[in-house]
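See below for the structure under consideration.
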Amino acid sequence: GQTIGIIGGGQLGRMMALAAKEAGFVIAVLDPGENSPCGQVADIVIRAAFDDRDALKKLAEQSDVITYEFENIDAEALTWLSDIAYLPQGAELIRITQNRRLEKKMLEQALVPIAPYQVIEHEQGIYDIIESFGFPAIVKTITGGYDGKGQVKLNSIEDLQEAQALVKEKGPCVLESFISFDKEISVIVHRNASGETTTLPIAENIHVNHILHESIVPARIEPDVSEVAKKLALQIADEIKLIGTLAVEMFVSLSGEIWVNELAPRPHNSGHYSIEACETSQFHQHIRAICNWPLKSTALLKHAVMVNLLGQHVKPAFDAVSQYPDWSVHFYGKAEAKQNRKMGHITILTDDLEMTLKEMQESRIWKTT
Ligand code: ATP
Ligand code: MG
Ligand code: MG
């Protein structure tokens, strides 16, 4: 059969692989880890660093199509790979989304609203910038940040030192106005080479300690706001001539105003609910998009709540599974249940979102912090 090569062996790669295997694809994965979540379900495992050109060459030789499951791959190596392999997503989107400065420029070009921002080139420059922006604001590293790491919130003058230390350590950073949003949502868009697009039903995302805790679908926003959010995501997909999957994180104010926060060029944690709740999951659609197959309907079959299981939740969750027949349980096959490490998730389909949310809130599992 045809072989799909995946760069990255984490849970996103694993769920991509599981979807692709249903259609009969052979899976090859490149990852440095031993027994990675994706490696456990792949047919061919190449154990090496992501920028190891010999390993990439080996992956290219084995694969008919290559995709990736995370955004911090060396963009140069990916560009080099795109010359010797079929990498329909290209390397440009990775180059843009791993750099907040380039990402924000692109979002401006796509004419979508974003929080006012400025690049702090030197630590001294922060005074002038904050004077014109005012408090509160957020300083973010340009590269390498995730789960709120590499960020400093500025509430007052007292916080400037910490932000300066960040710039000193990490180099130029982005300062953006703090948006007092009501909700965070995400729109996941797929596009194939023929230009067909779909969006997944919009997820409302609740973070705890800057890590996604829960996604609620459909997001509890007005239908007209939801339409605008989809339109913005499609506008971005169009601007970059997307092939594959793009997750667009957004803020929504009480009055329904929207700002695009950031992008992920891959299936997204907030789209995991689609495995059970949608006609076509984000992983199936990703595979279809990179193979230039026609895209299928992503219609929502039932309302859903997805809750992440972090290291500290695994034991209580596992003990509780037998009591909850309506839980769909996904563990990613990671050996070490470290604090805050994403170990799995649970999806619940429901006819009564509010009641399910209340049940989840009262569950003892997520009280283990
Ligand atoms: P991820 O793990 O999603 O990649 P990240 O570290 O790249 O996260 P962001 O998504 O930019 O960081 O920010 C993390 C969280 O911080 C957001 O989900 C949001 O809750 C909050 N946040 C970020 N920027 C702003 C802002 N301008 N105004 C208000 N809150 C913000
Ligand atoms: Mg991010
Ligand atoms: Mg984010």
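The values are calculated or read from the model by the stated rules, or taken from the named source; none is laboratory data. For clarity, every value in this text was computed on a predicted model and none was experimentally measured. Glycine gets a Cβ as well: all are built from the backbone with ideal geometry, and neighbour counts include every protein chain shown.
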Looking at A165, is it within 18 Å of the chain's Cα centre (by Cα) and of a type outside the set (V, I, T)?
no
What's the total number of residues in region 309-364 that are in contact with a Leu (Cβ under 7 Å, 6 or more places away or on another chain) and crowded, with 17+ Cβ neighbours inside 10 Å?
6
Restricting to region 1-32, name every residue that is of a type in the set (A, V, I, L, M, F, W, C) and in contact (Cβ under 8 Å) with a residue 60 or more places away in the chain.
I4, I6, I7, L12, M15, M16, L18, A19, A20, A23, F25
Looking only at residues in region 104-155 that are under 16 Å from L166 (Cβ atoms), hydroxyl-bearing (S, T, Y) and without any contact (Cβ under 8 Å) to a residue 40 or more places away in the chain, which one is farthest from ligand 2 (Cβ to nearest atom)?
Y127
Would you please list the contacts, defined by Cβ atoms under 8 Å and residues six or more apart or on different chains, that run from a residue in region 169-185 that is over 21 Å from S156 (Cβ atoms) to a residue that is among the acidic types (D, E)?
P172/E121; K183/E204; E184/E204; E184/E249; I185/E204; I185/E249
List the pairs whose first member sits in region 262-277 and is among the charged types (D, E, K, R), whose second member is part of a loop (DSSP other than H, G, I, E, B) and away from ligand 1 (no atom under 13 Å from the Cβ), and whose Cβ atoms are under 6 Å apart, counting only residues at least 6 apart or on separate chains?
R266/E69
Criterion (touching a Gly at 6+ places or on another chain (Cβ under 7 Å) and within 29 Å of E262 (Cα to Cα)) met by exactly one of P32, P37
P37
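Each row is one residue, and each column tells you yes or no for (1) surrounded by fewer than 19 Cβ atoms within 10 Å (Cβ to Cβ); (2) at positive phi.
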{"site": "G5", "(1), (2)": "no, no"}
{"site": "G8", "(1), (2)": "no, yes"}
{"site": "R14", "(1), (2)": "no, no"}
{"site": "G24", "(1), (2)": "yes, yes"}
{"site": "L30", "(1), (2)": "no, no"}
{"site": "N35", "(1), (2)": "yes, yes"}
{"site": "Q40", "(1), (2)": "yes, no"}
Which numbered condition trips up L246, out of (1) of a type outside the set (G, A, S); (2) within 19 Å of M106 (Cβ to Cβ); (3) not assigned by TED's automatic domain parsing to the domain that holds N340?
(3)
State which residue is nearest to ligand 3 (Cβ to nearest atom) when the search covers only region 115-155 and only residues that are within 14 Å of K168 (Cβ to Cβ) and over 28 Å from the mean Cα position of the chain (by Cα).
I126
Just to be sure, is I96 within 15 Å of ligand 2 (Cβ to nearest atom) and not assigned by TED's automatic domain parsing to the domain that holds L310?
yes
Would you check which residues across region 44-85 are loosely packed, with under 15 Cβ neighbours inside 10 Å and either of a type in the set (S, T, Y) or under 27 Å from R341 (Cα atoms) (or both) and list them?
A49, N72
Take E184 and decide whether it is within 16 Å of ligand 2 (Cβ to nearest atom), at pLDDT 95 or above and closer than 23 Å to S253 by Cβ.
yes
Scanning region 245-285 for residues that are among the polar types (S, T, N, Q) and part of a strand (DSSP E or B) gives T245, N261
Can you find a residue that is more than 24 Å from N340 (Cα to Cα) and more than 9 Å from ligand 1 (Cβ to nearest atom) anywhere in region 136-153?
no
